[in-house]
Amino acid sequence: MKKIFNLLKLGWTILSKPAVHLSLGFLTISGFIAGVIFWGGFNTAMELTNTEEFCTSCHEMRDNPFMELQTTIHYSNRSGVRAICSDCHVPHNWTDKIARKMQASKEVCGMIFGTIDTREKFEAHRLQLAQNEWTRLKANDSLECRNCHQFDSMDFTRQSKRAAAQHSSALANGEKTCIDCHKGIAHKLPNMEGVREGTSPH
Amino acid sequence: MKNTFINKVSTFCMTAVLAASSIVLPSTVSAETVMDDAPQVATLRGTAPMNVEVTPPIIDKVENNDLKRKRDYPQQPPTIPHDISKYQLDKNFNKCMDCHARKFADESQAPAVSVTHYMNRDGEFLGEVSPRRYFCTQCHVHQLESEPLVENEFVDMNKLIQQSHARDKN
């Protein structure tokens, strides 16, 4: 115990004294460069966890949500613009992104313990998983949808009558947000009994 | 030994009949000429041989005008006047009912499905859509903006009644 204390004391004495041999300029510049490298490295590593390759490196994601995404308009469409996992599931704003990444550490636990490692387990958890995302998107006013789908750029005359009617009323006055109506657009919906009565068989 | 002989004779007869028919048939039934007619309904490949890749026709636009079509007879399930591509309709979820359920008619302004959809086969009313009516597209279909492949010769009930009245007068 005393040894550790002595070691800590030694460390503090070194840190608290001004540098004898190294110039202030050297320390400042090297500190700055080290900071840039550390910060850049941190963000690059985090961006790597935002790639589709990373997300689909687990068979849980590759075989279930990613397979379902491929039949939808967010993967295959006439203009070839597409969304990858993180476009919808990770906030673009830095602080929100960090918060989401910390939450995702729980998902790493799920991966290690095999919470959804079979199709059956995935189906059993599908409602809960979907509800997590609906709650998140409801709370942030469908921010991830709006990163691409700008309300101000929507031309109602180019929409179908039904779409224009809903978008110009409920969406425009903030009564509803994207996710309220557009559930299950990128992945299959679970049995919605208890969520939206009348849309699922008993 | 005798059996083998009979077998041989019958095989010979069969072969003879088949050979004869193959000579006679092309001249009597004009199967070839039917196959060569340009628009075929039976197969969208037309008359293209099996080993030839044909260019598929352009996919027609789905009617999406939200206008009710006339029903040709009282029991006809109304057609779907809008696009339903990628609508989920499986044992988990029915996208149609997301708007057409009775309880969502106010927010969606979509026609609520009729009360018959809530009846079981004994005519009893259920709280939810009857399982036998659950899969909407078994009866209700969307329409394409395309030319019909065959002429529709359907005569509706009103016309039949008119015709019979006209006959009675004469």
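Every number here is computed from the coordinates shown, using simple stated rules; none is lab data. All of these numbers come straight from a predicted model, not from anything done at the bench. Glycine gets a Cβ as well: all are built from the backbone with ideal geometry, and neighbour counts include every protein chain shown.
3J(HN,Hα) couplings calculated from phi for segment B:58-63 with the Karplus curve 6.51 cos²θ - 1.76 cosθ + 1.60 (θ = phi - 60°) are, in sequence order, 5, 5, 6, 6, 7, 4 Hz; Gly and Pro show x.
Select from segment B:84-114 those trypsin sites (Lys or Arg not before Pro) which occupy a DSSP coil region and have at most 11 other Cβ atoms within 10 Å, ordered by residue number. Provide the component values of the computation, followed by the final result.
On the way: sites: B:LYS86, B:LYS91, B:LYS95, B:ARG102, B:LYS103; in loops: B:LYS86, B:LYS91, B:LYS95.
Counting only loop positions with at most 11 other Cβ atoms within 10 Å, the trypsin sites (Lys or Arg not before Pro) in segment B:84-114 are B:LYS86, B:LYS91.
Assuming a ≥ b ≥ c are the square roots of the Cα gyration tensor eigenvalues, decide whether segment A:51-177 counts as rounded (a/c under 1.5), prolate (otherwise, with a/b larger than b/c) or oblate. Note, shape of segment A:51-177 comes out prolate. Using a Gaussian network model of chain A in which every pair of alpha carbons under 10 angstrom is joined by a spring, one finds that among A:PHE32, A:PHE113, A:PHE122 the greatest mean-square fluctuation is at A:PHE32.
Comparing A:TRP134, A:TRP12, A:TRP39 in a Gaussian network model of chain A where C-alpha atoms under 10 Å apart are linked, the largest mean-square fluctuation is found at A:TRP12. For the protein assembly as shown, what class follows from the C-alpha gyration tensor (a ≥ b ≥ c being the square roots of its eigenvalues): rounded when a/c is under 1.5, otherwise prolate if a/b is larger than b/c, else oblate? Because a/c hits 1.5 or more and a/b exceeds b/c, the protein assembly as shown counts as prolate.
Remark: relative contact order (chain A) = 18 percent; criterion is Cα-Cα distance under 8 angstrom and separation of 6 or more residues. Working note: Karplus 6.51/-1.76/1.60 with θ = phi - 60° gives segment A:158-167 the couplings 8, 9, 5, 4, 5, 5, 4, 4, 6, 5 Hz, where Gly and Pro are set to x. If you plug the beta carbon distance of A:ASN93 and B:PHE125 into 1/(1 + (r/R0)^6) with R0 = 51 Å, you get a FRET efficiency near 0.50. Looking at chain A as a GNM with Cα springs under 10 Å, which of A:SER142, A:SER153, A:SER23 has the largest mean-square fluctuation? Comparing A:SER142, A:SER153, A:SER23 in a Gaussian network model of chain A, the most mobile one is A:SER23.
Under a 5 Å amide H cut-off, with hydrogens placed 1.01 Å from N, B:THR79 pairs with B:ARG69 among residues at least 5 apart or on other chains.
For segment B:52-161, the square roots of the Cα gyration tensor eigenvalues, ordered a ≥ b ≥ c, give a/c of at least 1.5 with a/b no greater than b/c, which places it in the oblate category.
What does the average come to when, for each residue of peptide A:191-199, you count the partner chain Cβ atoms lying within 10 Å of its Cβ?
Working: counts 4, 5, 3, 0, 1, 6, 6, 12, 15.
The mean count of partner-chain Cβ atoms within 10 Å per residue comes to 6.
Backbone amide hydrogens, once placed in the peptide plane, bring B:MET119 within less than 5 Å of B:LEU126, B:SER130, excluding anything fewer than 5 places away on its chain. Between A:ARG146 and A:ALA124, the simple label model (points 7 Å from Cα in the Cβ direction) yields a spacing of 3.8 nm. Annotation for segment A:1-58 versus segment A:96-129: alpha-carbon center distance of 31 Å.
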